[in-house]
1. By counting other Cβ atoms within 10 Å of each Cβ, how are 42, 63 ranked from fewest to most?
2. Which aspartates and glutamates have a Cα lying under 17 Å from the Cα of residue 50, excluding residues fewer than 8 positions away in the same chain?
3. Ordered by packing density, taken as the mean number of other Cβ atoms within 10 Å over each peptide's residues, highest first, how do 50-61, 24-35 rank?
Amino acid sequence: MQLLPLLWIFFFFFSDYSEEEKILREFDMNMKYGPCLGITRLQRWERAEKLGLNPPMEIKSLLESGKVQSESLWWKLSKQIGTNFFVQTKIC
């Protein structure tokens, strides 16, 4: 059994984040809206909209409010670990 999925479950569900951040993390984890490396959450939302993927309007509203982080969960980790890790493991 790989440890990484278990760490993600703990990190995602048991960390002390606001409800808004939890909603945005769900958006980050949903591959329906395409890859998220190297772009902000709003850029990803806009790209998904242009491609007709119907991203939730709630996400756009949260992002435009300026009260939440614009970088995705994956963007932060890609900067810490390196993009090659995500490409090689096909996480994002």
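Throughout, read-outs are computed from the coordinates displayed, never taken from laboratory work. Not measured: the values here are computed from a predicted model. Here the Cβ positions follow ideal geometry from the backbone for every residue, glycine too, while neighbour counts run over all protein chains shown.
1. Values: 42 14, 63 22.
Going from sparsest to densest Cβ surroundings: 42, 63.
2. Partners within reach: 58.
3. Details: 50-61: 12.8, 24-35: 16.2.
Ranking, from highest mean packing down: 24-35, 50-61.
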